[in-house]
Amino acid sequence: MQLKNNYSTWLEIVSAIRYDRYDLDSANVSAGGDRFSPKITVGVTPVAGFTPYVSYAEGYRAPSITETLIAGEHATGGGPPLFPCPSGTSDCSASCPIRLCGRRSARTRKRAST
């Protein structure tokens, strides 16, 4: 639902509210949730033909199937690294935050030497 008001020739306010809901029912799992999400936008016209807007909004995202049904490690939070580190560890970023697979990139080496 949205409400738009012009309070003058230079002030415009748009307010809205959205209702989201999800339900997931199966033989083993029953989950659901809902939420009202507000939004407000303010527009100011200092010169005819030019109106900048500022907005504030909140949103809602229902959990994915893996977040709802699978317990333990999820597909996005674990598993083997895409490129193994030369040191044999699974975390290359622990010793240096600007690394590519445990080795500094050529661009990083140039910046570090200058």
(request) May I ask you to sort Glu67, Glu12 by Cβ crowding, counting other Cβ atoms within 10 Å and putting the fewest first? (result) Glu67, Glu12
(request) Taking amide H positions as placed in the peptide plane 1.01 Å from N, state which residues far from Arg18 in sequence (5 or more) or on other chains have amide H under 5 Å from it. (result) Ser37
(request) Determine ³J(HN,Hα), in whole Hz, for all residues of segment 27-36 in sequence, where each value follows from phi through the Karplus function 6.51 cos²θ - 1.76 cosθ + 1.60 and θ = phi - 60°; x replaces Gly and Pro. (result) 5, 9, 10, 9, 9, x, x, 8, 6, 8
(request) Step through the residues of segment 16-21 one at a time and calculate ³J(HN,Hα) from phi using the Karplus curve (6.51 cos²θ - 1.76 cosθ + 1.60, θ = phi - 60°), rounding each to whole Hz and writing x for Gly and Pro. (result) 8, 9, 10, 10, 10, 8
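Kirkwood hydrodynamic radius, segment 1-70, all distinct C-alpha pairs: what's the number in Å?
On the way: mean 1/r = 0.0669 Å⁻¹.
Evaluated on segment 1-70, it is 14.9 Å.
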(request) Please work out how much length the chain gains when fully extended from Ser64 to Ile17, using 0.36 nm per residue of separation minus the C-alpha to C-alpha distance, in nm with one decimal. (result) 14.6 nm
(message) Between Lys4 and Ser55, what is 0.36 nm times their sequence separation minus the Cα-Cα distance? Round to one decimal in nm.
(response) 17.0 nm
(request) Would you mind counting up the charge near Gln2? Only other residues with Cβ under 12 Å from its Cβ, with Lys and Arg at +1 and Asp and Glu at -1. (result) +3
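Taken together, the values in this text are just the output of simple stated rules run on the coordinates, not laboratory data. Since the model is a prediction, treat every value here as computed from it, not as a measurement. Note that each Cβ is placed from the backbone with ideal geometry, even for glycine, and that neighbours are counted across all protein chains shown.
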